[in-house]
Amino acid sequence: LNRAFGQLANQSRPAIVQIRVTGQETKANQNQSQGSRGSGFIIDPQGHILTAQHVIDKAKEIEIRLADLQRLPARVIAADSQLDVAILKIKTERELPILMLGDSDAIRVGDLTVFFGYPFGRESSMNLGIISRYEFIQTDAGAYPGGSGGPILNTKGHVIGMITMASERGNMGFATPINVIKRILPRLANGEKFAWGWLGVQMSDISLEQARSLGIF
């Protein structure tokens, strides 16, 4: 088991990148730009990178740090705030390592999963956990701030989701299923704008007494 996960790490880590963002100036600090960091992963040898949209939101400049510590500027190809996904592009003369996109419909509660990212903007980290829920993937693989945009992998090393939310304590992470992302990638890359539906309905829990008064219990 140790050898298997060691091999998975060696194969996957070269395709995990750190994203460094310089944001727009704020009114309080007009001479200072705000900076933030996140994670991402390379999906084709030409340098397309997937990450979470909130990582690069309002970015003035985006820099990618590859696993070999090379730093390259990146530009945003497309982004969608509703699904919290963005496609970035870097230019390089060499062929880049990639992660294969898997099938998130095949995962089940209890499956082992691996999360890669750059927690707190430091060196890349690998965390092991299990799938706790799979509609909107929940895992106990440690997902700290700075890990947003990082991939969730199955034991074959295939991407089954992308972290879009992490708990402050790092003991829980939530990921968008990769099949959801795959369905919109071609249209997103072509510059198509999505008009998401809205029902105008709010949901909330009600007490037993409220349920009885409404005649639904």
When only alpha-carbon atoms count, how far does the range 51-143 stretch along each of its three principal axes, as whole angstroms with the largest first?
-> 40, 30, 26
State, as an integer percentage, the relative contact order of the chain based on alpha-carbon contacts under 8 Å between residues 6 or more apart.
-> 18
Excluding residues fewer than 8 positions from Lys58 in its own chain, the aspartates and glutamates with Cα under 14 Å of it are Glu25, Asp80, Asp84
For 98-111, 181-194, ranked highest to lowest by mean beta-carbon neighbours within 10 Å, the order is 98-111, 181-194
To the nearest 10 degrees, how steep is helix 178-189 against the longest Cα principal axis of the chain, on a 0 to 90 scale?
-> 60
What is the set of long-range amide H partners of Ile130 at a cut-off below 5 Å, with H atoms built 1.01 Å from backbone N?
-> Thr113, Asp140, Ala141
Could you please state how large a percent of the accessible area of the chain is carbon and sulfur, counting protein chains only and using a 1.4 Å probe?
-> 49
Please give the helix 2-12 orientation as an angle from the longest Cα principal axis of the chain, in degrees from 0 to 90, rounded to the nearest 10.
-> 70
Here the percent of antiparallel bridges among DSSP beta bridges lying wholly in the range 50-185, to the nearest 5, is 95
Measure up Lys60/Lys182; Lys60/Lys89; Lys156/Lys193; Lys89/Lys182 against 23 Å on the Cα-Cα distance and list the ones that go over.
-> Lys60/Lys182; Lys156/Lys193
The range 41-97 and the range 134-166 have their Cα centres apart by a whole-number Å value of 17
Note the full-extension length gain between Asp44 and Glu209 as 0.36 nm times their separation in residues minus their Cα-Cα distance, in nm to one decimal.
-> 53.8 nm
Which value in nm describes the separation of the simple spin-label points at Leu128 and Gln82, placed 7 Å from the Cα toward the beta carbon?
-> 4.0
For the chain, with a Gaussian network of springs between Cα atoms less than 10 Å apart, report the residue from Val180, Val17, Val85 with the top mean-square fluctuation.
-> Val180
Averaged per residue, what accessible area in Å² does the chain show with a 1.4 Å probe, protein chains only?
-> 59
Taking the chain on its own, what percent of its Cα-Cα pair distances exceed 22 Å?
-> 53
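Sorting check: for 6-12, 207-213, which peptide has the highest mean count of neighbouring beta carbons within 10 Å, and how do the rest follow?
In descending order of packing, they fall as 6-12, 207-213.
The values are calculated or read from the model by the stated rules, or taken from the named source; none is laboratory data. All values reported here derive from a predicted model rather than from experimental measurement. Cβ sites come from the backbone with ideal geometry, for glycine too, and all protein chains shown count toward neighbours. Calculation scope for accessible area: heavy atoms of the full protein, side chains included, ligands and nucleic acids excluded. Shrake-Rupley method; radii C 1.70, N 1.55, O 1.52, S 1.80 Å.
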